[in-house]
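Let me begin by presenting the structure, written as structure tokens, before commenting on it.
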Amino acid sequence: MRIKEHRLNFFQKVHLTMKRIVDQTFFAGLTSQLITLLILFLLLLAAGSKGFEQIKGESAIKAAESSYFEKGTIWSIVHATDPGYLSGDYNQGHQTLFWFGLIVTLAGWFLLSGFIMTIFINFYQSHLNEIEGGLVRYYFWKGHRLILGWNLMGASVVHQLFTGNSHPVVILSLSPPKLVREDIAIMISDSDNPHKMKKKRVIIYQGSFDSSGELKYHNFNKIETIVILEDTIGTNQNVKNIQTIIKINDLIDESKGKEKISCYVHLPDFRTYDILQDVDLNIVNKINFHPFNFFEDWARRLWSILPQIKDGKLENKKDIYNYVPLAYHPISRESEKNVHLVIIGFGQMGQALAAQAARICHYANGQKTKITVIDDRDSVKKMQIFSSHCFLNRIPDVEFELLNQSAEETATRDFLINLIQDEKQITTIVVCISDPDESISVALSLPQQVQDADIPILIRQETRCGLSDLVAKLMKDKKWKDIRFFGMLHECFGLDRRTDILPRQAHEIYRQSYGENSIPAWEELSESLRWSNRYQVDSYVELLRSAGYQFVPARETIENDAFDNEEEIEWLAEREHDRWVAEKLMAGWKQADLSGCTSDDERKSRRDNFRMLHTFIVPFNELDTIVAGTTRKDISVIKNLNTLMKIPGIELAIKKAD
């Protein structure tokens with residue numbers, strides 16, 4: 001085939017050229033289209049005036065004592081704008097002028113009625129497309145909330161923000177606005193009050209939230225709350241989120257007496273998040289910085305969230321979302337049982353669960369908590385990184401084991417069968433593979449003896465949709481006794497500041513006991529010490545239930561009050577100290593060298609915060625030999641638990657289980 005046949009001919013070139021001119025003229029911006037309309041209208045008036053001159057002739061000038069152009073222009077204007085003048089031309093019997101006037105009238109009607117309407121319709125549609133595409137920007141003089149970035153937690157964040165008030169929510173993300181609206185629509189349909197949710201105002205911008213050019217559109221001095229999520233598009237999300245905080249802090253004006261903006265920042269990498277808990281970002285002094293991590297939030301929810309009170313009663317949840325402690329059987333001081341957590345899949349979720357278990361699993365009988373990891377995908381490297389990061393080898397009553405093999409291998413199946421048959425093991429199996437289909441597949445392939453056993457099996461899934469029906473069928477067909485799902489991406493717990501009610505009050509009680517003036521209030525407390533208080537109260541559910549206590553509504557009459565036995569209080573205080581030691585060791589602290597010290601003050605002086613050396617990372621029974629009266633701190637923590645639980649927002653009481 002000859003190449004010449006594929007070349008454009010002259011008429012094709014002219015056609016494409018004219019098409020380009022027309023498109024650039026008539027489909028450009030509103031200003032260009034209005035200028036084009038004006039030019040065409042002026043040309044119509046000029047043509048009408050010239051035609052009037054040719055048709056009427058010299059006699060019209062003398063009769064009207066005016067120029068042809070002047071009279072012709074007026075004639076063209078009235079005919080182009082008002083078709084009613086055609087009847088006058090027709091009645092005068094001037095057929096040529098009538099038909100010419102009809103042409104001018106039709107042309108005027110097309111320009112002023114048709115073309116101008118098309119221009120404004122095009123403008124409306126173009127502007128609507130810009131709004132729907134997230135390209136239009138607004139400025140808010142009053143309070144609103146801002147979400148930067150979008151992921152599957154985003155819809156849950158919108159729902160939580162609207163729980164408080166109906167002020168607008170602005171979303172800035174690289175995700176397509178259509179996708180964002182679909183996620184919100186699903187949340188609205190699933191919410192308790194869809195009608196109320198639909199009244200709320202959500203404005204979506206498409207753009208990169210770490211761009212200073214985008215941030216300038218927001219009135220940060222009037223914003224109530226900022227939530228920074230990671231965008232599903234892009235990399236280095238942790239760095240991007242931290243850089244954005246710093247930029248926002250610089251955009252906020254200094255104002256005496258103005259409350260700091262609450263800024264919730266999702267840090268998707270668990271290890272980075274864990275490190276930042278011990279870092280105080282003094283450079284963001286104009287905002288309240290609240291970092292949160294999806295994986296740790298779920299780890300805390302599984303085993304550390306207190307029962308909720310609803311209408312004066314403990315809230316009943318569906319079994320598949322009602323998580324039980326790791327020590328779901330009480331462990332007495334004489335018991336030979338130990339908790340054994342099996343984690344299948346050691347990604348970031350698995351690491352978060354292992355870290356949380358290491359913090360809270362310290363029991364009365366002194367038996368080691370065992371954590372077994374089953375993973376054949378770079379598991380050795382993952383375990384090395386995790387162990388070096390969390391200093392797991394230093395925790396005396398926690399034992400980690402890695403099985404570098406798949407869950408389907410015969411050796412793994414034999415291990416699980418033997419484990420559930422060991423009556424001394426209080427076993428929980430967690431399948432936390434990130435892929436939801438693979439997670440279900442691995443759970444279904446567990447040995448039948450494991451599925452039939454009376455042990456919790458937790459399966460990670462991304463959404464709740466259809467899970468209830470799935471569980472009903474699995475329990476009917478497979479006879480699973482205790483299956484639960486966790487890890488749903490559309491549930492965001494990092495914004496729930498109710499989780500800080502108890503840590504805040506626990507710190508306040510500590511201040512009142514040891515001098516308010518010498519200990520900073522919660523608002524002035526460093527983030528690392530806030531987390532120390534959070535981890536302390538995280539352990540209460542596991543500590544108390546494993547010791548045979550239960551939670552009841554505070555208004556109920558309690559016959560057998562908790563903590564009336566000094567010996568029992570002391571061994572609970574010992575468990576609290578074990579938890580504190582594990583927390584310090586996982587954060588990288590070491591025991592200070594106290595050799596040569598002869599007094600309490602001298603031993604106290606060996607503490608070195610910079611080198612992370614502490615004087616009390618020793619067994620509970622040695623504390624008072626270092627500094628007299630030290631054990632009283634842990635004992636007072638236990639004695640204050642009942643008072644602590646009754647505060648507004650918690651409203652629980654502790655009693656011995658029947």
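Do we have Leu652 as open to solvent by less than 20 Å² (accessible area, probe 1.4 Å) and either farther than 23 Å from Ile309 by Cβ or not acidic (Asp, Glu) (or both) here?
On the way: open to solvent by less than 20 Å² (accessible area, probe 1.4 Å): yes; either farther than 23 Å from Ile309 by Cβ or not acidic (Asp, Glu) (or both): yes.
Yes: the conditions hold for Leu652.
What number goes with the only condition from (1) closer than 30 Å to Asp311 by Cβ; (2) surrounded by fewer than 19 Cβ atoms within 10 Å (Cβ to Cβ) that Ser518 does not pass?
(1)
Given the structure, is Glu214 farther than 12 Å from Val265 by Cα, assigned to a helix (DSSP H, G or I) and in contact with a strand residue (DSSP E or B) (Cβ under 8 Å, 6 or more places away or on another chain)?
Working: farther than 12 Å from Val265 by Cα: yes; assigned to a helix (DSSP H, G or I): yes; in contact with a strand residue (DSSP E or B) (Cβ under 8 Å, 6 or more places away or on another chain): yes.
Considered against the rule, which asks whether it is farther than 12 Å from Val265 by Cα, assigned to a helix (DSSP H, G or I) and in contact with a strand residue (DSSP E or B) (Cβ under 8 Å, 6 or more places away or on another chain), Glu214 comes out as yes.
How many of the residues making up the stretch 402-428 are assigned to a loop (DSSP other than H, G, I, E, B) and surrounded by 11 or more Cβ atoms within 10 Å (Cβ to Cβ)?
At the first step, the residues of the stretch 402-428 found to be assigned to a loop (DSSP other than H, G, I, E, B) are 404-409, 422-424.
Within this subset, residues satisfying the condition of being surrounded by 11 or more Cβ atoms within 10 Å (Cβ to Cβ) are 404-409, 422.
Result for the stretch 402-428: 7.
Residue by residue, here is whether (1) among the small types (Gly, Ala, Ser); (2) open to solvent by less than 30 Å² (accessible area, probe 1.4 Å); (3) within 13 Å of Ser173 (Cα to Cα) holds:
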position: Lys216; (1), (2), (3): no, no, no
position: Phe220; (1), (2), (3): no, yes, no
position: Val227; (1), (2), (3): no, yes, yes
position: Asn236; (1), (2), (3): no, no, no
position: Ile246; (1), (2), (3): no, no, no
position: Asp253; (1), (2), (3): no, no, no
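So which of Ile147, Ile131, Ile116, Ile121 ends up being β-branched (Val, Ile, Thr), at pLDDT 80 or above and assigned to a helix (DSSP H, G or I)?
Result of the check over Ile147, Ile131, Ile116, Ile121: Ile131.
Exactly one condition in (1) open to solvent by less than 80 Å² (accessible area, probe 1.4 Å); (2) under 37 Å from the mean Cα position of the chain (by Cα); (3) in contact (Cβ under 8 Å) with a residue 60 or more places away in the chain is false for Met612; which is it?
(3)
Please specify each residue of the stretch 144-153 satisfying the condition of being more than 20 Å from Ile248 (Cα to Cα) and in contact with a helix residue (DSSP H, G or I) (Cβ under 8 Å, 6 or more places away or on another chain).
Those that are more than 20 Å from Ile248 (Cα to Cα) and in contact with a helix residue (DSSP H, G or I) (Cβ under 8 Å, 6 or more places away or on another chain): Leu152, Met153.
Return the pair list, or none, for Cβ contacts closer than 9 Å from residues in the stretch 525-536 that are in contact (Cβ under 8 Å) with a residue 40 or more places away in the chain to residues that are in a helix (DSSP H, G or I) and among the aromatic types (Phe, Trp, Tyr), at least 6 apart or on different chains.
Ser532/Trp580; Tyr535/Trp580; Gln536/Trp580
Those residues that are among the small types (Gly, Ala, Ser), modelled with pLDDT of 75 or more and more than 23 Å from the chain's Cα centre (by Cα), I need them from the stretch 451-502; list them, please.
Hit for the stretch 451-502 is Ala453, nothing else.
Check off (1) open to solvent by 40 Å² or more (accessible area, probe 1.4 Å); (2) at pLDDT 85 or above for Arg359 and give me the number that stays unchecked.
(1)
Which residue, of Ala554, Ala628, Ala573, Ala582, is open to solvent by 20 Å² or more (accessible area, probe 1.4 Å) and in contact (Cβ under 8 Å) with a residue 60 or more places away in the chain?
Numbers: Ala628 fails: in contact (Cβ under 8 Å) with a residue 60 or more places away in the chain; Ala573 fails: open to solvent by 20 Å² or more (accessible area, probe 1.4 Å); Ala582 fails: open to solvent by 20 Å² or more (accessible area, probe 1.4 Å).
Checking each option against the conditions leaves just Ala554.
Take the conditions part of a loop (DSSP other than H, G, I, E, B), more than 21 Å from Arg394 (Cβ to Cβ) and open to solvent by 30 Å² or more (accessible area, probe 1.4 Å) and apply them to Ser513. Does it pass?
Judged against the criteria, Ser513 is not a match.
Failed condition for Gly366, given (1) at pLDDT below 90; (2) open to solvent by 40 Å² or more (accessible area, probe 1.4 Å); (3) within 24 Å of Asp435 (Cα to Cα), with all others met?
(3)
The values are calculated or read from the model by the stated rules, or taken from the named source; none is laboratory data. Not measured: the values here are computed from a predicted model. Cβ sites come from the backbone with ideal geometry, for glycine too, and all protein chains shown count toward neighbours. The area values use the complete protein model at the heavy-atom level, side chains included, leaving out ligands, DNA and RNA. Shrake-Rupley method; radii C 1.70, N 1.55, O 1.52, S 1.80 Å.
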